[in-house]
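Colleague: Pasting in a structure now, in structure tokens, and then I'll have a few things to ask.
Read-outs: derived from the displayed coordinates by stated rules, not from any lab. Because the structure is a prediction, the values reported are computed rather than measured. Neighbour counts run over all protein chains shown; Cβ positions are idealised from the backbone, glycine included.
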Amino acid sequence: MDIAKELLAGSRLALSRAITAVENEYDEAVDIMKKLYPHTGNAYVIGITGPPGAGKSTLTDKIVKEYRRLGKTVGVIAIDPTSPFSGGAILGDRIRMNELTLDEGVFIRSMGTRGSLGGLSHKTADAVKIMDAAGKDVIIVETVGVGQSEVDIVKAADTTLVVVVPGLGDDIQAIKAGILEIADIFTINKADRDGADKLNVELEMMLDLYQDKLEWRPPIKRTVAHRNEGIAELVQTLEEYYGYLKETDKLTERRTERVKAEVLAMLEENIGRYVTRTMQSDGEFEQMVQQIQKREADPYTLVADLLKRLLK
Ligand SMILES: Nc1nc2c(ncn2[C@@H]2O[C@H](COP(=O)(O)OP(=O)(O)OP(=O)(O)O)[C@@H](O)[C@H]2O)c(=O)[nH]1
Ligand SMILES: [Mg+2]
């Protein structure tokens, strides 16, 4: 089966297989990606992140439905979900999942943190491209947390929606640093709970503090995801932001940065692999280690020499 060809012809099975190939680093993955690449760059990629249990999956589910109502096709990538979209422990999620996947216009996939997180962000980026090539208009990447690894993952997104919830106490302080770097839009989910107003004020104050550094002041929306409240408005905001990105050329800018980062990462990875492989196969690496350990040589000189030789 020519996975790329069938995927481009609309096969869901091929779409699923392509992501599996990337996830498990099968040999054919590179070939698939090569063929799909020319067909990418058309989807609007949205990252959704926030603390565990904030309602990200519930929100994603409702956002998907709203986009469907607007006539768009949607792909969802849930990163290492603790309450998974499929086969998980939470029945509610499974029902929602089934509901969505009956719809041909929606494709949902979860990806785990097997292997390194660095590898995961790279694989997520490929999965996004695969769904993009498959013609999905909107692609949502859901990931937990706001740490560095999530920052890396959401770099694959054009827009990042940060979900916060009332009643997390000092959490806003803790997440402050990372959050501003990535948030394009905030939503206070579980706005049916006490503390939504207080959280709103805190967020606004935080944005005031950074006002000068912000080219775009992230709007703060409110949602009650499981009751579908505020969803249509949130999607409208997501669309407005997309419009802003396009008008100001920021979309091109972001995507250029992404291509740069991707090419560099790919180069580093390949060079690293090549070096490790050749050196380990001819035993030179062991020899080097021995020399260094015996203090017959220092690692700085050896590495510099080696690099000179390799780059010739
Ligand atoms: N009260 C209230 N509960 C909500 C709201 N949105 C989601 N929930 C509930 O919160 C719980 C967690 O929702 P999820 O959508 O699984 O949250 P999540 O952020 O995806 O969780 P993880 O993926 O495990 O981090 C579920 O029981 C939801 O029904 C809301 O707006 N208000
Ligand atoms: Mg979730």
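Colleague: Return the equivalent ellipsoid semi-axes of segment 193-312 as a descending list in whole Å, where each equals the square root of 5 times an eigenvalue of the C-alpha gyration tensor.
Modeller: Working from the Cα gyration tensor, I get semi-axes of 53, 20, 16 Å.
Colleague: Continuing with this model, one more query. Would you list which aspartates and glutamates come within 14 Å of LYS221, measuring only between C-alpha atoms, while excluding same-chain residues fewer than 8 positions from it?
Modeller: ASP184, ASP192, ASP197, GLU202, GLU204, GLU229, GLU233, GLU239, GLU240
Colleague: Hey, another quick one. Give me the extension gain from LEU267 to ARG254: residue separation times 0.36 nm, minus the current Cα-Cα distance, reported in nm with one decimal.
Modeller: That pair, LEU267 and ARG254, stretches by 2.7 nm at full extension.
Colleague: 5 Å is the cut-off here: which amide hydrogens, built 1.01 Å from N in the peptide plane, fall below it relative to GLY112, excluding neighbours closer than 5 in sequence?
Modeller: For GLY112, the qualifying residues are ASP80.
Colleague: Could you give the nm distance between label points at GLN280 and TYR244, where each point is 7 Å from its Cα heading toward the beta carbon?
Modeller: That separation, rounded to one decimal, is 4.7 nm.
Colleague: Tell me which residues come under 5 Å, amide H to amide H, from GLU142 once H is placed; ignore anything under 5 positions away on its chain.
Modeller: ILE48, ILE77, ALA78, ILE79
Colleague: I would also like to ask the following. What FRET efficiency comes out for the pair SER11/HIS39, r = Cβ-Cβ distance, R0 = 22 Å, nearest 0.05?
Modeller: Numbers: r = 14 Å, r/R0 = 0.63.
Calculated value: 0.95.
Colleague: Divide, for the chain, the radius of gyration over alpha carbons by 2.2 N^0.38 Å, where N is the residue count.
Modeller: So the chain has a normalised radius of gyration of 1.13.
Colleague: Let me ask another. Grab the DSSP H runs of the chain that are 4 residues or longer, score each as -39,500 (n - 2.57), total them, divide by all residues and round the 222 nm result to the nearest 500 deg cm²/dmol.
Modeller: Rounded to the nearest 500, it is -18000 deg cm²/dmol.
Colleague: So how do GLU257, GLU233, GLU66 line up by other beta-carbon neighbours within 10 Å, fewest first?
Modeller: Ascending Cβ contact count within 10 Å gives the list GLU257, GLU233, GLU66.
Colleague: In segment 1-75, how does Rg compare with the Kirkwood Rh, expressed as the Rg/Rh ratio over alpha carbon atoms?
Modeller: That ratio equals 1.05.
Colleague: In sequence order, what are the phi-derived ³J(HN,Hα) couplings for segment 67-78 according to the Karplus relation 6.51 cos²θ - 1.76 cosθ + 1.60 with θ = phi - 60°, rounded to whole Hz, with x for glycine and proline?
Modeller: After applying 6.51 cos²θ - 1.76 cosθ + 1.60, I find 5, 5, 4, 7, x, 9, 8, 9, x, 10, 10, 9 Hz.
Colleague: With +1 on each Lys and Arg Cβ and -1 on each Asp and Glu Cβ, how big is the dipole of segment 262-310 about its Cα centre, in debye rounded to the nearest 20?
Modeller: Dipole size: approximately 120 debye.
Colleague: Separate question: Listed here are the pairs LYS34/LYS155; LYS190/LYS213; LYS56/LYS129; LYS155/LYS308; LYS35/LYS308; LYS260/LYS294; which of them are more than 31 Å apart at the Cα?
Modeller: LYS155/LYS308; LYS35/LYS308; LYS260/LYS294
Colleague: Going 7 Å from the Cα of GLU104 toward and past its Cβ, which residues in segment 1-23 have a backbone nitrogen under 18 Å from where you end up?
Modeller: Residues passing the 18 Å test: 6-16.
Colleague: Amide H to amide H, which residues 5 or more places from TYR44 or on other chains are under 5 Å from it, using H placed in the peptide plane?
Modeller: Amide H neighbours of TYR44: VAL138, ILE139.
Colleague: Oh, and also: Across 5 Å bins from the origin, how do the percents of Cα pairs in segment 262-310 run, short distances first?
Modeller: 4, 20, 23, 25, 15, 8, 4, 1
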